[in-house]
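See below for the structure under consideration.
The values are calculated or read from the model by the stated rules, or taken from the named source; none is laboratory data. Remember, predicted model here, so these are calculated numbers, not experimental data. Note that we place each Cβ from the backbone using ideal geometry, even for glycine, and neighbour counts take in every protein chain shown. With ligands, DNA and RNA removed, areas are computed over all heavy atoms of the protein, side chains included. Shrake-Rupley method; radii C 1.70, N 1.55, O 1.52, S 1.80 Å.
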Amino acid sequence: MKSYSLLYRKTKPSTLTFLSIGRCFLLFLFLSAISFSSHAQKYVDEESTFFERLYIGGNFGLQIGTNITQIEVSPAVGYMINQKASAGVGVIYQYFSANIQTQNRVYEIKTNIYGGKLFGRYNITDFLFAYTEYENINLDVVNLNTSEIERDWVPGLFVGAGYFQPIGRRSGVNLMLLYNLAYDPLKSPYNSAFNLRLGFTL
């Protein structure tokens, strides 16, 4: 019953956002510390083969608490067009479970969110990059005309920038701050139009 998860987001958005940002930042600092002497981003040139231009990345998240469990597995595959620009595709999956208490009763919520995305990335420097992404995810939403809960596709259009911290010669960690231009507070599973992401690249 995703309708009640919307109620949950509106009653405690600041707490969830703060915890997510704090955990991302601490993990990013840790990975930066152990990879201080690493190399910069992957290098390609005109002689690079198709497979040499490919890279694997994605976002993986886990949040477990007394009343909430949220798991995200969102792998992606990118292709480096040249040393600066790349583009790719990915799949999105999230499992959400929570016990929401109101004045009258406790609601048990379990739902699966899934979809796909297309993304583009432009490397401004070896460590800074611009990023854009279009996603379309399927989830439980409330039909305002009938008050019934039904599955619907919810699009998102993200723009923003990120920082790349290399770990070894090919892999690294991405920290991105994005803004969803198509944010819909009635349907979106995100707390706000701003989205902080911690991902990886291989």
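Numerical summary
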{"item": "Contour minus Cα-Cα distance for Ile64 and Tyr179 (0.36 nm per residue)", "result": "38.8 nm"}
{"item": "Gap separating the Cα centres of the stretch 164-202 and the stretch 111-127, nearest whole Å", "result": "7"}
{"item": "Simple spin-label estimate for Phe51 and Asn112 in nanometres, 7 Å along Cα-Cβ", "result": "3.2"}
{"item": "Anchor Lys187: aspartates and glutamates whose Cα lies under 12 Å away (excluding residues fewer than 8 positions away in-chain)", "result": "Asp140, Glu150, Asp152"}
{"item": "Set of aspartates and glutamates with alpha-carbon distance to Lys84 below 14 Å, sequence-local pairs under 8 removed", "result": "Asp45, Glu46, Asp126"}
{"item": "Potential extension, Thr146-Ile81 segment - 0.36 nm per residue separation minus Cα distance", "result": "18.7 nm"}
{"item": "Viscosity 0.692 mPa s, temperature 37 °C, Stokes-Einstein D of the stretch 45-202 from Kirkwood C-alpha radius, µm²/s", "result": "190"}
{"item": "Share of carbon and sulfur in the accessible heavy-atom surface of the stretch 65-202 [1.4 Å probe, %]", "result": "58"}
{"item": "Ranked packing of 48-55, 78-85, most packed first, by mean Cβ within 10 Å", "result": "78-85, 48-55"}
{"item": "Whole-number accessible area per residue in Å² for the stretch 71-157, which is evaluated in the context of all protein chains at 1.4 Å", "result": "55"}
